[in-house]
1. Send over a whole-number figure in Å² for the accessible area per residue of the chain, probe 1.4 Å.
2. Rank these by accessible area, largest first, 1.4 Å probe: LEU51, LEU104.
3. What is the pair-distance distribution P(r) of the chain, computed from all Cα-Cα distances in 5 Å bins starting at 0, with each bin given as a whole percent?
4. Which lysines, if any, have their Cα less than 21 Å from the Cα of LYS124, not counting same-chain residues under 8 positions apart?
5. Students sometimes get this wrong: rank LYS109, LYS116 by accessible area, probe 1.4 Å, all chains present, largest first.
6. Taking each full run of DSSP H in the chain as one helix, which ones are at least 20 Å long along their axis (Cα atoms) and have mean Kyte-Doolittle hydropathy of at least -1.0?
7. State the percentage of accessible surface on the chain attributable to carbon and sulfur atoms; use a 1.4 Å probe and exclude ligands, DNA and RNA.
8. May I ask you to rank ARG97, ARG53, ARG115 by accessible area, largest first, using a 1.4 Å probe over the protein chains only?
Amino acid sequence: MTDARFHTVWIPLQERFYRVAFYLLEDRADALDAVQDLYVKLWKMRDALDLVRNPGAYGALLMRNLCIDRIRRLTPTEDLTDTIPGDRPPDETLMLRETLGTLLQEMEKLPESQRKLFKMHLLKGMSYDEIAAATGLAPLNIRVQVSLARKKLKRNEEV
């Protein structure tokens with residue numbers, strides 16, 4: 001495959017590959033890194049790419065596999081219990097940790113799409129516009145989904 005053909009066939013698919021990566025990794029920087037890794041891999045195997053009939057599907061499959069490999073390699077680095085200030089009395093700290101644990105369990109009961117948007121907005125601090133740019137969803141739709149997630153969590157808290 002020539003350099004020009006690579007640029008006309010594969011480079012326009014970058015946004016599609018990014019969406020796959022973001023959907024799986026749920027982090028903008030990780031998704032961008034994964035897309036870059038994909039293009040390095042594609043460039044190294046460019047001589048075999050002439051045989052690919054559907055570049056979009058083939059690239060999306062490679063992207064998915066790269067993301068799964070990344071997820072398997074990553075160790076959890078984010079412990080939300082570390083966000084609890086250490087200057088609190090021990091009994092209050094324990095109660096906050098239990099409440100946080102309950103909240104995380106309840107969040108796992110949310111539909112996957114709501115849970116992802118809720119985490120992006122409230123835990124990662126992303127604005128609705130940033131989430132919209134990353135996911136392709138409308139900001140209003142994101143706002144509604146986050147609001148529904150909040151209501152479900154509040155309802156479970158009251159029980």
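The values are calculated or read from the model by the stated rules, or taken from the named source; none is laboratory data. In this text the structure is predicted, and so the values were computed from the model without any measurement. Heavy atoms of the whole protein, side chains included, go into the accessibility calculation; ligands, DNA and RNA do not. Shrake-Rupley method; radii C 1.70, N 1.55, O 1.52, S 1.80 Å.
1. Result: 66 Å² per residue.
2. Correct descending sequence by accessible area is LEU51, LEU104.
3. Reading the bins upward from 0: 1, 8, 14, 15, 15, 14, 11, 8, 6, 4, 3, 2, 1, 0.
4. LYS109, LYS116, LYS151, LYS152, LYS154
5. LYS109, LYS116
6. 28-44, 55-73, 90-108, 139-158
7. Using a 1.4 Å probe with all protein chains present, the chain comes out at 54 percent carbon and sulfur.
8. My answer, sorted largest first, is ARG53, ARG97, ARG115.
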